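The values are calculated or read from the model by the stated rules, or taken from the named source; none is laboratory data. Quick caveat, the model's predicted, so the values are computed rather than measured. Positions of Cβ are generated from backbone atoms using ideal geometry, with glycine treated the same way; all protein chains shown enter the neighbour counts. Side chains included, ligands, DNA and RNA excluded: accessible areas come from the protein's heavy atoms. Shrake-Rupley method; radii C 1.70, N 1.55, O 1.52, S 1.80 Å.
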Amino acid sequence: DAAWKFLGIVNALPAELRKGKNRVHLIHEVFQYTGFVFSKNKLKDAVDELSGGRLNTILSEDGEAITKEQFMAHLGYLAGALERFPSAARLELKLRAGVDELPDPAPVVPPEPLPGDLFEQLAEDPRTQGLVRLADRLIAVLHIPMHSQASGDLSYGGISDITNRGNYDRLLLSELAHDDLLLTARLVNNEALYYRREEPPDNPKRKRTLLLDITLKMWGIPRVFAIAAALACVRNSRHGEQVEAYALGGEGYTAVDLASKEGVIRALELLHHSLHCGRSLQAVLSDLPASDQHEYILITDARQLVYPAFHACLQTVKESLEFVITTSREGDLRFFGCNKGRMKLLNAAKLDLDELLFAPRPGATAIKKGINTPAFMDLSPPPLLFPKTRIKQSAERLFVIEGAGIVVVNEAQRVLLLTERGKGAQELLSFIEKGTYTFGSQGVGCLYILVNNRQRKFLKFYKLHLSSDHFAGFNLSDEVQFANQASFHGSALYIRADYASFLFDCHSCEVTEKKEYGGYNDKIGPVAAGTAKNALQVLNSYLPGGHVMHSIMYKVREVYVSNESALVIGNYTLELAWNDHNIRIRENRVKKAGFWYAKEIQSNIQLLPQRNIKFNIRAWSDGSTATIDSRGLLHLKSSDTTLPEITIVLVTGGHTTCWSSDGYAAGSSYFIPEKQLSVIAAQTFYDTYIRPFINRLKQT
């Protein structure tokens, strides 16, 4: 039985491992540790018999009978091989890799993260975000010119030698006295003589020293301004200059480090109570070596140049300075070049320090005090459906749920549920991470999504309830790394990584089983053919016009009230249509005149965790606001607290839908969910909510 089982294992091997020279390898591995021994002569006789052509005749003749003991002994070799190779996979591994089993993976020790660029480190720290924005702006202003190293005073271009290699313009004049044929022969045979020019000496590296004034006039904004200018000078050192910096107090000076984030922060903390840094400037220039390769840059307040005590000290060391940079509290920066004690203005700039130092970093959440999120965003689930926008025709981002609709991850990384062509999209997730997506479902009420990003070593599981906006997310990055395949089977999620396979229970949301590489082969496999094509066909059936999506206003340049008492949104007007039975946003052929304009107070801010969803807030003089939502919505909030808030779907080319914070909706049923029961006529909604909002603005 054991021998028969082992022969079945051999038969299960791939055909290429049992043919040709690989068959010799197979026999060698199977019988490598057996006990039988053939003598050299006996083996030679056996080879002769096999190659002599008499094998068939020998087998057909009556030979010596084989006893049962001999037969069992022969089968024992195969039975012994079964103990070493109990499975076809084990035998195949031995034949291909030469090992009985795969070794355990070596522990991976992640390398220490390399520190990023200095400006990137400063930009990530809220304390220095404004500083690095200002320094970025100053890089172009503080363009330090290259030095010629006094090349005009050196005797470059002399003749140092004569050689038989060189350019034709360096031929000796005597070579040109030969006739053409002889000159050509000398050139071909490398017999012609050339001058060899002198080579100029190597350009030595310059040393740049930044001298930062930290006395009384530099306290506050000028000190930050000065540090930003110093960082710009460091960043402009692109020709191998060695840069050092010193903080100048009353009479002494201190070395500062502008090459690290910690050093920059410590430099911002340095202060001195003296009125000027004149004596300190004299001291540092007398202590440091002076040479043609050493350039000094003084950064101080503009008022210091006209301060008599400082001016007297400056005159004594002016010839040692290469450049002078002055700053002011008003954002003025002047860049002077010094030549033999004379200062010449090289560049000047006027900067908005409030915007650069205190404005939020682009992409970060920045909401001014007094501005609350729209009431539409406080409700869960949202009271309106969303436009079907930015949907990519990609099967990898689609999943069809029989009886529920199709799930889409759009280009803005939002998870939308499309249920029918005549209805808008339900937003299941306002944000999902980038990666490859594996979808699964449990009936029509529960959706599973696995996000895998191998490059970032990121793996996350989402569990969403379609009947509401409730969801749960579980990060599996620490437990499962280097995942490459996954498959849902009901509530079971099978994940295959480079080193093992895992079983994840979607109910308990935990890994319940782990197997070595090769497990769950029957559960994890390629997607069935035709699934991708079917998903694209279903998607087109759910879009408004087949493959055509909604036309949405993402950016609105202006919002105001026209002379006809209509709300103008960009180049469109909100109005009643079809005998006042619908509301639409109609394009204006001629720009509407008006006086009640909303001024932009915040742009590209975040009110949601989704970084791709931006909000622009405009305000009227009475305090009313208009918030433009990049998902295709406009939120209106009146300064009259008795008026409910209004949300309008910014869809053009058709009828739109409006909603009020007291629970009523009107307009096209396309964006009204079935749960929204308080639907009123378009004329009633316009007269009850929109017209009072406009009349309130006209009173200011």
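Taking 45 Å as R0, compute the FRET efficiency from the Cβ-Cβ separation of L13 and H470 and round it to 0.05. Present the calculation step by step, with values, prior to reporting the outcome.
Numbers: r = 52 Å, r/R0 = 1.15.
Once rounded, the FRET efficiency stands at 0.30.
Between L275 and D352, what length in nm is gained on full extension when 0.36 nm per residue of separation is reduced by their alpha carbon distance?
Details: separation 77, 0.36 × 77 = 27.72 nm, distance 2.66 nm.
The L275-D352 span can extend by a further 25.1 nm.
From the square roots a ≥ b ≥ c of the eigenvalues of the alpha-carbon gyration tensor of the chain, which class results: rounded (a/c under 1.5), prolate (a/b over b/c), or oblate? Can you show the working numbers first?
On the way: a/c = 2.46, a/b = 1.18, b/c = 2.09.
Note, shape of the chain comes out oblate.
Counting Lys +1, Arg +1, Asp -1, Glu -1, what net charge surrounds Y517 among other residues with beta carbon under 12 Å of its beta carbon?
-1
Pull up all non-local amide H partners of W596: gap of 5 or more, or a different chain, and H-to-H distance under 5 Å with H placed in the peptide plane.
V561
Any chance you could run the full-extension gain for Y168 through A140? It's 0.36 nm times the residue separation minus the Cα-Cα distance, nm to one decimal. Each step should come with its number before you reach the end.
Details: separation 28, 0.36 × 28 = 10.08 nm, distance 4.35 nm.
Residue separation times 0.36 nm, minus the Cα-Cα distance, leaves 5.7 nm.
To the nearest 500 deg cm²/dmol, what mean residue ellipticity at 222 nm is calculated for the chain from DSSP H runs of n ≥ 4 alone, each contributing -39,500 (n - 2.57), summed and divided by the residues? The partial results should precede the final answer.
Working: 17 runs with 168 residues, N = 700.
Calculated from helices alone, the mean residue ellipticity at 222 nm is -7000 deg cm²/dmol.
Which shape class applies to the range 168-313: rounded if a/c is under 1.5, otherwise prolate when a/b exceeds b/c and oblate if not, where a ≥ b ≥ c are the square roots of the Cα gyration tensor eigenvalues? Write down the numbers at each step before the final one.
Details: a/c = 4.71, a/b = 3.46, b/c = 1.36.
It comes out prolate by the Cα gyration axes.
Restricting to Cα pairs below 8 Å that are 6+ residues apart, what does the relative contact order work out to for the chain? Please round to a whole percent.
Reported as a whole number, the value is 7 percent.
So for the range 611-692, Kirkwood radius off the Cα pairs, Stokes-Einstein at 20 °C and 1.002 mPa s: how many µm² s⁻¹? If you can, show how the numbers build up before the last one.
On the way: Rh = 13.5 Å.
After rounding, the answer is 159 µm²/s.
Please report the carbon-and-sulfur percent of the accessible area for the chain; probe 1.4 Å, protein heavy atoms only, DNA, RNA and ligands left out. Walk me through the numbers on the way to the answer.
Values: 20260 of 39020 Å².
Answer for the chain is 52 percent, counting heavy atoms of protein chains only.
What number results when the radius of gyration of the range 214-266, computed over Cα atoms, is divided by 2.2 N^0.38 Å? Don't jump to the answer; show the numbers that get you there.
Numbers: Rg = 11.7 Å, N = 53, 2.2 N^0.38 = 9.9 Å.
This ratio for the range 214-266 stands at 1.18.
Can you tell me the accessible area per residue over the chain, all protein chains present, probe 1.4 angstrom, in square angstrom? Kindly include the intermediate steps, with their values, before the conclusion.
On the way: 39020 Å² over 700 residues.
Value returned for the chain: 56 Å² of accessible area per residue.
Can you tell me how the range 553-700 classifies by the Cα gyration tensor, rounded, prolate or oblate, using a/c under 1.5 as the rounded cut?
Numbers: a/c = 1.31, a/b = 1.10, b/c = 1.19.
Cα axes put the range 553-700 in the rounded bin.
In square nanometres and to one decimal, what's the mean projected area of the convex hull around the Cα atoms of the range 426-498?
Details: hull surface 19.3 nm².
Over every viewing direction, the Cα hull of the range 426-498 projects on average to 4.8 nm².
Could you tally the net charge around L17, taking each other residue with its Cβ under 9 Å from the Cβ of L17, Lys/Arg +1 and Asp/Glu -1? Intermediate values should be presented prior to the final figure.
On the way: positive: R18, K19, R23, R96; negative: E16, E92.
Value of the local net charge: +2.
For Q455 and R23, FRET efficiency with R0 = 56 Å and r from the beta-carbon atoms, rounded to 0.05?
After rounding, the FRET efficiency stands at 0.80.
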